[in-house]
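Everything below concerns the one structure shown next.
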Amino acid sequence: MPRNPLRRLSVALRLTEAYQPSGQAPPTPTSSTSLSTFLRNAKSNFLKDVKEDPAKAAEAWTVVMGNEAGDLDTLASSIAYSWILSEVHKKPAVPLVQAERPDLSLRAENLYALKLAGLSDNQEELLTLTEIPEFKPFPAHKFALVDHNRLNDVFTQDNPHAQVDAVIDHHADEGLYRDANPRTIGPCGSCSSHVGGLCPPEIPAELATLLLMAILIDTDGLRPGGKATQVDRDSALSLAPKSTIANKIPPPSALAPIDHPNPDALYEAQAIKDLTKSLQDKKSDVSHLTALDLLRRDYKEYSYKLGWATGQPTIKAGLSTVPSPLKAWATEGRLEKEGVEWMQRRGLTILGVLTSYNTAKKNVVGQKKKEKGKHKREMAWIILEEPVLAKTANDGLTSEGLARRLWKGLEASKDIDVKIHKKFSFKTVKLPENSKARAYKQGNASATRKVTAPLLKDILENSGSVVPATNTPKADEAKTDAQAPLPAHST
């Protein structure tokens with residue numbers, strides 16, 4: 001067998017195209033139901049079992065969850081892995097979207113992808129947090145995590161038997177759940193690529209399409225020199241011939257010929273370019289969303305124990321990624337008003353807003369060549385004296401002290417390379433008393449939330465002097481869209 005991974009994949013695809021073995025085969029699903037029907041049945045059966053026999057349901061069902069940001073990658077990964085558990089391994093599983101049902105509409109690219117994957121216009125097949133509140137504690141003990149590798153505390157509260165049985169992720173490994181099986185945590189552009197590698201030879205075309213779209217939007221269509229790794233290219237090359245656009249792309253033998261495999265074959269296919277552009281256009285158009293919508297749309301939340309402070313209080317921080325510059329939506333006090341509202345709703349002490357956008361202007365009539373533009377990032381931070389700091393102010397921990405620590409840590413980090421934003425300033429009169437806020441321009445436009453989140457953790461939890469660790473992804477493992485024509489990347 002050739003050692004080159006592209007040649008190995010080429011051989012496998014050629015054999016798949018020409019021959020179906022009659023002997024022992026990998027596990028395959030016995031059901032041919034559509035993806036929509038599978039999801040509808042999983043949701044209704046889970047809720048029915050939970051209501052009729054909560055104890056039995058908690059032991060029987062595995063809840064598969066992506067992260068709370070709810071992007072297409074996390075959505076596709078959770079749907080696909082629940083399908084694998086249910087249809088291949090015959091273990092009851094249901095995907096849970098970590099969002100309220102009204103929030104599904106905040107991501108147009110997700111709605112577009114789900115529609116192409118055969119789901120209804122109102123996505124009624126999906127289980128969301130809106131359907132769960134009546135069950136206390138959370139009505140399941142077994143969890144599978146995709147696109148993140150730490151179970152949120154809300155699922156373990158008053159749920160002592162909670163366990164994580166599987167982890168599939170492409171973020172930094174937090175070292176938890178060592179007994180999980182599978183426990184696949186490794187660098188790639190899209191978690192859906194890892195999940196795609198676990199799929200059997202035969203899967204529904206809608207599911208293959210959903211996974212493929214997640215990979216494309218995360219890797220800018222498998223752009224050479226971008227975020228795509230060999231894991232992404234291999235998975236996409238395996239999924240594409242099974243997808244609903246299979247008839248629009250060359251056959252596997254042409255995409256990966258044995259004698260001269262082309263790693264960029266899919267990227268060059270016009271159908272792949274068209275699908276990627278449609279997804280990116282949907283994702284980048286957020287002009288109809290309010291400031292509060294934008295803060296909720298792509299949001300992750302963290303808890304930090306301040307071991308250096310008296311009493312070692314724990315605070316909550318949130319990071320919102322917004323694909324639009326501050327000047328387009330956050331001026332005239334809108335960020336202050338909506339940001340504080342969101343912080344108070346979530347019980348946050350710190351909110352970080354990470355913008356990611358492209359300076360290219362839209363084509364105008366008569367313009368011959370599209371302007372490429374530059375990819376840029378900004379940061380805006382708000383620190384409230386409440387709810388935790390007000391209780392500990394007498395011990396010397398104040399919003400001012402926390403702000404000094406945060407500003408110092410951010411400004412010392414070469415990973416993000418920030419400078420004070422001279423064209424955006426907060427209206428302090430619109431912030432609660434003793435609040436602190438600051439905005440930055442980010443010099444390193446390739447540093448995403450995957451860099452900022454661990455940096456924030458270092459700054460807040462480091463008991464000594466603030467010396468930010470280096471978190472920049474390795475060049476070949478997690479390149480970003482610094483030269484991409486669209487500001488499609490958010491995490």
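The values are calculated or read from the model by the stated rules, or taken from the named source; none is laboratory data. Just so we're clear, the structure is a prediction, and the values are computed from it rather than from any experiment. Here Cβ is always computed from backbone atoms with ideal geometry, including for glycine, and neighbour counts include all displayed protein chains. All accessible areas refer to the heavy atoms of the entire protein, side chains included, with ligands and DNA or RNA removed. Shrake-Rupley method; radii C 1.70, N 1.55, O 1.52, S 1.80 Å.
With respect to (1) in a loop (DSSP other than H, G, I, E, B); (2) at pLDDT 75 or above, the lone exception for residue 401 is condition (1). Contact map, the range 33-59: residues that are of a type in the set (Lys, Arg) paired with residues that are surrounded by 15 or more Cβ atoms within 10 Å (Cβ to Cβ), Cβ distance under 8 Å, separation 6+ or inter-chain. Pairs shown: 40/125; 43/94; 43/125; 43/126; 43/127; 43/131; 56/49.
Taking each residue of the range 152-170 that is over 19 Å from residue 182 (Cα atoms) and looking for partners that are among the aliphatic types (A, V, I, L, M) and outside any strand (DSSP E or B) with beta-carbon atoms closer than 7 Å, six or more apart or interchain, yields 155/162; 156/162. Is one or more of the residues making up the range 141-159 farther than 21 Å from residue 60 by Cα, of a type in the set (Asp, Glu), assigned by the TED database to the domain that holds residue 263 and open to solvent by 40 Å² or more (accessible area, probe 1.4 Å)? The answer is yes; a qualifying residue exists.
Residue-level check: of (1) crowded, with 18+ Cβ neighbours inside 10 Å; (2) assigned to a loop (DSSP other than H, G, I, E, B), residue 308 misses just (1). Comparison of 331, 314 shows that the only residue that is among the polar types (S, T, N, Q), closer than 16 Å to residue 438 by Cα, open to solvent by 10 Å² or more (accessible area, probe 1.4 Å) and in contact (Cβ under 8 Å) with a residue 40 or more places away in the chain is 331. Within the option set 151, 145, 96, 104, being in contact with a helix residue (DSSP H, G or I) (Cβ under 8 Å, 6 or more places away or on another chain) and not in a helix (DSSP H, G or I) holds for one residue only, 96.
Across the range 123-139, the qualifying residues are those that are in a loop (DSSP other than H, G, I, E, B) and modelled with pLDDT of 95 or more, and the one among them that is surrounded by the most Cβ atoms within 10 Å (Cβ to Cβ) is 126.
Identify, from the list 115, 51, 43, 91, the residue that is among the basic types (Lys, Arg), open to solvent by 30 Å² or more (accessible area, probe 1.4 Å), more than 30 Å from residue 286 (Cβ to Cβ) and modelled with pLDDT of 95 or more. After applying the criteria, what remains is 91. Criterion first (open to solvent by 40 Å² or more (accessible area, probe 1.4 Å) and either at pLDDT below 95 or assigned to a loop (DSSP other than H, G, I, E, B) (or both)) does residue 259 satisfy it? So residue 259 passes the test. Look at (1) of a type in the set (Asp, Glu); (2) assigned to a helix (DSSP H, G or I); (3) surrounded by fewer than 24 Cβ atoms within 10 Å (Cβ to Cβ) and you find that residue 174 fails only one, number (2). Take the conditions (1) surrounded by fewer than 24 Cβ atoms within 10 Å (Cβ to Cβ); (2) touching a Lys or Arg at 6+ places or on another chain (Cβ under 9 Å); residue 70 misses just one of them, which is (1).
A single member of 229, 290, 244 is open to solvent by 20 Å² or more (accessible area, probe 1.4 Å) and more than 24 Å from residue 320 (Cα to Cα), and it is 244. The residues listed here are 282, 273; of these, the one that is open to solvent by 60 Å² or more (accessible area, probe 1.4 Å), part of a helix (DSSP H, G or I) and under 26 Å from residue 99 (Cα atoms) is 282.
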